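> Attaching a single structure in structure tokens format; questions to follow.
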Amino acid sequence: YDQDKANNSVSYGSIFIYKRFVNADQTYNLPVAEYTGRPEFANDFYEQCRRLLEWYNCKALYENQNTGLKQYFQTRHCLELLHVQPNIVKSISPNSKVERGYGIHMSKQIKDELEIKVRDWLKEETSPGILQLTKIYSIPLLKELISYNSDGNFDRFISFSLTILQ
């Protein structure tokens, strides 16, 4: 979110940190950190994101129609913590003229693709009979995944799906 206060909004800021493969002796390919909330000031949320990204030495793929996060990172000289716009945007929305450098814009086509990617990730087997979804320890995320529909406000789902896309 970009506004400090939005009396008519139930939106939260949400970020997930995902651990990829490091070596076979460690856990990998799972979400390892989450922050979802709506502090009084948007900059407080952005700072929490910055700290998580620095702590875990990773980058965030964010919804770039909300410009506050990029502006906050730019003023703190840490744009390298933001993921550049992925090439997959052009294959999902070939007629899109959106080019913002960092992040991804949320269109119907992109949201549909995110839904497919999350579904496929959840159903992927990590070993015989064990699905990826067993690696999710966030109860609120699991509840959002269960109740998800394309018309509702599901901030954790969108954040998690961007993590999977990245």
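> Could you pull out every one of the aspartates and glutamates with an alpha carbon less than 13 Å from that of Lys143, ignoring same-chain neighbours closer than 8 positions?
Within the straight-line limit of under 13 Å, Lys143 reaches these aspartates and glutamates: Asp155.
> Taking the solvent-accessible surface of protein heavy atoms with a 1.4 Å probe, what is the per residue accessible area of segment 11-150 in Å²? Intermediate values should be presented prior to the final figure.
Values: 8380 Å² over 140 residues.
Ligands and nucleic acids excluded, the result is 60 Å² per residue.
> Could you tell me the distance between the Cα centroids of segment 115-166 and segment 32-89, to the nearest Å?
Rounded to whole Å, the Cα centres lie 20 Å apart.
> Turning to a different aspect of this structure: Place the peptides 53-66, 71-84, 139-152 in order of packing, highest mean first, counting for every residue the other Cβ atoms within 10 Å and averaging per peptide.
On the way: 53-66: 15.9, 71-84: 14.3, 139-152: 12.1.
Descending packing order for the listed peptides: 53-66, 71-84, 139-152.
> For the chain, what is the charge dipole size about the Cα centre, in debye to the nearest 20, if Lys and Arg each add +1 at the Cβ and Asp and Glu each add -1 at the Cβ? Kindly include the intermediate steps, with their values, before the conclusion.
On the way: 20 positive and 20 negative charges, 43 e Å.
It comes to approximately 200 debye.
> Determine the relative contact order of segment 11-144: mean sequence separation of Cα pairs under 8 Å and six or more apart, normalised by residue count, in whole percent. Working shown, then result.
Values: 145 pairs, mean separation 23.8, N = 134.
Reported relative contact order: 18 percent.
> Lysines near Lys97 by alpha-carbon distance under 27 Å, same-chain residues fewer than 8 away left out - which ones?
Lys59, Lys70, Lys108, Lys111, Lys117
> For Ile88 and Lys123, what is the calculated FRET efficiency with R₀ set at 25 Å and r taken between the beta-carbons, to the nearest 0.05?
Values: r = 20 Å, r/R0 = 0.80.
According to the calculation, E is roughly 0.80.
> Mind checking which aspartates and glutamates have their Cα closer than 20 Å to the Cα of Lys90? Skip sequence neighbours fewer than 8 apart in that chain.
Candidates past the 8-residue exclusion: Glu63, Glu99, Asp112, Glu113, Glu115.
> Within a Cβ distance under 9 Å of Ile158, other residues only, what is the Lys/Arg minus Asp/Glu net charge? It would help to have the intermediate numbers written out before the result.
Details: positive: Lys111, Arg156; negative: Glu63, Asp155.
So the surrounding residues net to 0.
> Follow-up question, since we're still on this one. If you roll a 1.4 angstrom probe over the protein chains with everything in place, what fraction of the accessible area of segment 1-132 belongs to carbon and sulfur, to the nearest %?
48
The values are calculated or read from the model by the stated rules, or taken from the named source; none is laboratory data. These figures come from a predicted structure and were not determined experimentally. Please note: Cβ atoms are built from the backbone with ideal geometry, for glycine as well, and neighbour counts cover all protein chains shown. For accessibility, only protein heavy atoms count, side chains too; no ligands or nucleic acids. Shrake-Rupley method; radii C 1.70, N 1.55, O 1.52, S 1.80 Å.
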